[in-house]
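Novice: Pasting in a structure now, in C-alpha cells, and then I'll have a few things to ask.
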Amino acid sequence: MNHPSFIKNVILTAGLLAAAVASAQDIKVGYNGDLSASPSAQSGQAAVLGMEAAIADINAGGGLLGRKMVLVTRDDTSAPPKSIQNMSELVDSEKVSAVFGPTNSGNAMAWKHIANQKKIPVIGNVGSGTDITKPMSAGADNYMFRVSMVDREQVAALMAYVKKSGDTSKVVGLMAETTGYGQGGLKDMEEIAKLQGIRIAATEKFGVGDTDMTSQLSKMKSASVDTVVVWAQGTPIAQLVRSMEKINYFPLVLTSWAADNITFYDAAGKALAEKPIFMRTVSENRTPAQQKLFDRIGTKLKAPGSFSFALHGYDSIQLYAAAVKQANSVDGNAVRLALEDLKAPVQGVLKTYEKPFSKANHEALTAKDLVWIRWKDGKLQPYTDPIVGSLSPADFKQ
C-alpha cells in the first residue's frame with residue numbers, strides 16, 4: 001500500500017512536469033529597454049503596457065497558434081552594456097521568439113548584430129534612430145523592424161516646413177545634444193537640409209545635462225538665425241528654451257518629438273513649453289479605439305503624453321502575431337519573411353497596416369502618419385497653420 005506522502009510527492013511531481021511542458025509550449029517574447037533610469041523610461045513603460053494589453057487580447061481569443069503568449073521584460077537602465085547582456089539572456093536563456101524595444105536608440109545599435117546573427121525578429125516600438133532598421137550589410141537579411149517614429153522622417157517633414165516658410169525662415173540654424181541620439185539627428189538634419197536646398201547659417205552642440213545654452217544661442221543670435229531646428233531629449237530642449245528666455249531671443253523652434261515628454265514640460269514650464277513645434281504619432285484627440293485602450297491602461301501611465309508608445313507597443317504585437325499566423329511558425333526566418341510580405345491588412349489602434357514592411361523597408365510608419373503638435377494649456381494639441389496645411393508627403397524629400 002502506497003504511503004500518503006509518497007502519493008503526494010508523485011502528484012506534486014506530475015504537476016510540476018505538466019507546468020514545465022505547458023511553459024515550454026508558450027510563445028515567449030521579450031522587451032529589452034530602459035524601464036527605470038532615464039527620462040525616456042516612461043516611454044518604455046508605456047510600450048510595455050501596450051504590449052501587455054495586446055497579448056492579453058490575443059490570449060483571450062485563444063492565443064497564437066493555439067499557444068499562450070508570454071512577455072518577458074528586461075530593464076537595461078539606459079546602459080548599452082546592460083542592454084547587450086539582456087539581449088543575450090532573452091535569446092539564449094529565455095528562448096524568446098522575438099524581441100521588442102529598446103527605449104534608447106543607441107542601445108539598439110549596440111546589439112542589433114545579435115538579432116541578425118541569431119535570426120531573432122526585433123520590432124522596435126520606442127527608439128527612433130534612423131540607422132536602427134538598416135541591414136548590417138547591403139542586401140543582407142535584416143531582422144530589425146519598427147513601429148515607431150523615425151528620426152529621418154521627422155527631419156524631412158521639419159525641413160519641408162522650413163523650406164515652405166521661406167518668407168519668415170530666412171536664416172536657419174541647427175542645434176543638437178552630443179549624445180548618439182543628438183548627433184544621429186544632426187547628421188540627418190545636415191543631409192536633408194542640403195537635399196532640400198536649405199542653407200545652414202550656424203550649427204551648435206550642447207551636453208545632455210547642460211542647463212545653460214546662452215553661449216550657443218548668442219552665436220545663433222549674432223548670425224541672425226530666425227529658425228532653429230533642434231535634436232535632443234526632452235529635458236535639454238527645455239533647458240534650451242529657458243536659455244532663450246534668459247537672453248530674450250525667441251526664434252522659431254522646431255524640435256524632435258522628445259518635446260512631447262512630460263520631463264520637457266515640467267522643466268520648461270507652461271509658457272515656454274508652448275514655444276516648440278514638433279511631430280508625433282498621435283495627439284490627445286483620440287479615436288474611439290485609442291480611447292478604449294487609454295481607458296484600460298491610462299491610470300498606469302506615468303504621464304498621459306506617453307500614451308503614443310503604448311499604441312506602438314500594442315500594434316507591434318499585433319503585427320508580430322499576424323506574421324506568426326501567416327508563417328504558421330515562430331521560426332525567426334519564417335516570421336521575418338512573413339513580416340516583409342504580410343498578405344492581409346492588420347488592424348491596429350494607431351492605424352490599419354497595409355503591407356507595412358518589405359524586404360527593403362522595415363518601417364511601419366512614415367512622415368504621412370505623423371501629426372504636428374504643440375503644447376497648449378498643458379496638453380499635446382494638434383497644431384496647424386497655413387504652412388502645415390500646404391505640406392504633402394511629396395515635400396518630405398530625404
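The values are calculated or read from the model by the stated rules, or taken from the named source; none is laboratory data. Please read all numbers here as calculations on a predicted model, not as lab measurements. So basically every Cβ, Gly included, is an ideal-geometry build from the backbone, and we count neighbours across all protein chains shown. Accessible surface is based on the protein model in full, side chains and every heavy atom, while ligands, DNA and RNA are left aside. Shrake-Rupley method; radii C 1.70, N 1.55, O 1.52, S 1.80 Å.
Novice: Is it true that some residue in region 314-322 is out of contact with any strand residue (DSSP E or B) (no Cβ under 9 Å at 6 or more places or on another chain) and open to solvent by 10 Å² or more (accessible area, probe 1.4 Å)?
Specialist: So far as region 314-322 goes, yes, one or more of its residues are out of contact with any strand residue (DSSP E or B) (no Cβ under 9 Å at 6 or more places or on another chain) and open to solvent by 10 Å² or more (accessible area, probe 1.4 Å).
Novice: Could you check region 207-235 and list, in sequence order, the residues that are in a helix (DSSP H, G or I), modelled with pLDDT of 95 or more and open to solvent by less than 10 Å² (accessible area, probe 1.4 Å)?
Specialist: Passing the criteria: 217, 220.
Novice: Would you pick out the residues in region 246-300 that are buried (at least 22 other Cβ atoms within 10 Å of the Cβ), of a type in the set (A, V, I, L, M, F, W, C) and in a loop (DSSP other than H, G, I, E, B)?
Specialist: Listed by number, the list holds a single entry, 282.
Novice: If we keep just the residues of region 344-372 that are open to solvent by 30 Å² or more (accessible area, probe 1.4 Å) and in contact with a helix residue (DSSP H, G or I) (Cβ under 6 Å, 6 or more places away or on another chain), which is nearest to residue 57 (Cα to Cα)?
Specialist: For region 344-372, the residue satisfying everything is 350.
Novice: Next up: With 255, 299 as the choices, which residue is polar (S, T, N, Q) and either at pLDDT below 95 or out of contact with any helix residue (DSSP H, G or I) (no Cβ under 8 Å at 6 or more places or on another chain) (or both)? Steps first, please.
Specialist: Working: 255 fails: either at pLDDT below 95 or out of contact with any helix residue (DSSP H, G or I) (no Cβ under 8 Å at 6 or more places or on another chain) (or both).
When all the criteria are applied, what remains is 299.
Novice: What do you reckon, is residue 133 open to solvent by 10 Å² or more (accessible area, probe 1.4 Å), modelled with pLDDT under 95 and on the phi < 0 side of the Ramachandran plot?
Specialist: no
Novice: Pairs please, first residue from region 113-127 and farther than 17 Å from residue 320 by Cα, second anywhere and hydroxyl-bearing (Ser, Thr, Tyr) and surrounded by fewer than 21 Cβ atoms within 10 Å (Cβ to Cβ), Cβ atoms under 8 Å, 6+ apart in sequence or on different chains.
Specialist: Taking only residues 6 or more apart or on different chains, the pairs are 114/88.
Novice: Let me ask something else. Across region 323-342, what is the number of residues that are in contact with a helix residue (DSSP H, G or I) (Cβ under 8 Å, 6 or more places away or on another chain), open to solvent by 30 Å² or more (accessible area, probe 1.4 Å) and closer than 29 Å to residue 371 by Cβ?
Specialist: Residues flagged as in contact with a helix residue (DSSP H, G or I) (Cβ under 8 Å, 6 or more places away or on another chain), open to solvent by 30 Å² or more (accessible area, probe 1.4 Å) and closer than 29 Å to residue 371 by Cβ within region 323-342 amount to 0.
Novice: Taking only region 23-62 into account, find how many residues are over 21 Å from residue 307 (Cα atoms), in a loop (DSSP other than H, G, I, E, B) and touching a residue at least 24 places away in the same chain (Cβ under 8 Å).
Specialist: Taking region 23-62 and keeping what is over 21 Å from residue 307 (Cα atoms), we get 23-29, 59-62.
Subset that is in a loop (DSSP other than H, G, I, E, B): 26, 61-62.
After this cut, where a residue has to be touching a residue at least 24 places away in the same chain (Cβ under 8 Å) as well, the list is 26.
The qualifying residues number 1.
Novice: Same structure, new question: Look through region 63-95, keep the residues that are in contact (Cβ under 8 Å) with a residue 40 or more places away in the chain and in a loop (DSSP other than H, G, I, E, B), and return whichever of them is least open to solvent (accessible area, probe 1.4 Å).
Specialist: In this case the residue turns out to be 76.
Novice: Across region 50-70, what is the number of residues that are hydrophobic (A, V, I, L, M, F, W, C), out of contact with any Phe, Trp or Tyr (no Cβ under 7 Å at 6 or more places or on another chain) and farther than 22 Å from residue 89 by Cβ?
Specialist: The total comes to 5.
Novice: Filter region 97-121 down to the residues that are of a type in the set (A, V, I, L, M) and open to solvent by 10 Å² or more (accessible area, probe 1.4 Å), then identify the one that is nearest to residue 25 (Cα to Cα).
Specialist: That would be 120.
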